[in-house]
1. Within region 15-36, restricting attention to residues that are under 15 Å from the mean Cα position of the chain (by Cα) and of a type in the set (Ser, Thr, Tyr), which residue is surrounded by the fewest Cβ atoms within 10 Å (Cβ to Cβ)?
2. Looking at ILE39, ILE45 in this structure, which one is of a type outside the set (S, T, N, Q), surrounded by 11 or more Cβ atoms within 10 Å (Cβ to Cβ) and within 14 Å of the chain's Cα centre (by Cα)?
3. Being surrounded by fewer than 11 Cβ atoms within 10 Å (Cβ to Cβ), closer than 26 Å to LEU52 by Cβ and in contact (Cβ under 8 Å) with a residue 24 or more places away in the chain, is that true of even one residue in region 1-14?
Amino acid sequence: MLLEMETAQKTLHKDFGQADISVAKIKDTLCKNERSLLIKSKREIDHIFSELYNVDERIRMKKTLLPRLA
């Protein structure tokens with residue numbers, strides 16, 4: 001999963017402003033020296049993404065309506 005830093009920060013500020021979450025600080029902590037962070041997901045997380053990819057066509061949002069995340 002790739003995140004667009006500016007969009008992620010705006011969303012966090014809007015929805016969780018009281019928490020004062022800094023995407024830049026998280027990136028600086030986890031991805032030093034401009035490296036990527038790869039984390040093996042657990043079965044429970046895989047299940048969530050699997051469900052997203054297998055949504056019934058009758059209730060699936062059109063791709064053009066989804067916000068750009070990467």
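1. Top of the filtered list is SER36.
2. Of the residues listed, the single one that is of a type outside the set (S, T, N, Q), surrounded by 11 or more Cβ atoms within 10 Å (Cβ to Cβ) and within 14 Å of the chain's Cα centre (by Cα) is ILE45.
3. There is at least one residue in region 1-14 that is surrounded by fewer than 11 Cβ atoms within 10 Å (Cβ to Cβ), closer than 26 Å to LEU52 by Cβ and in contact (Cβ under 8 Å) with a residue 24 or more places away in the chain.
FYI, it's all coordinate maths here, none of it is from the lab. Because the structure is a prediction, the values reported are computed rather than measured. Neighbour counts are summed over all protein chains in view; Cβ atoms, including those assigned to glycine, are modelled from backbone coordinates with ideal geometry.
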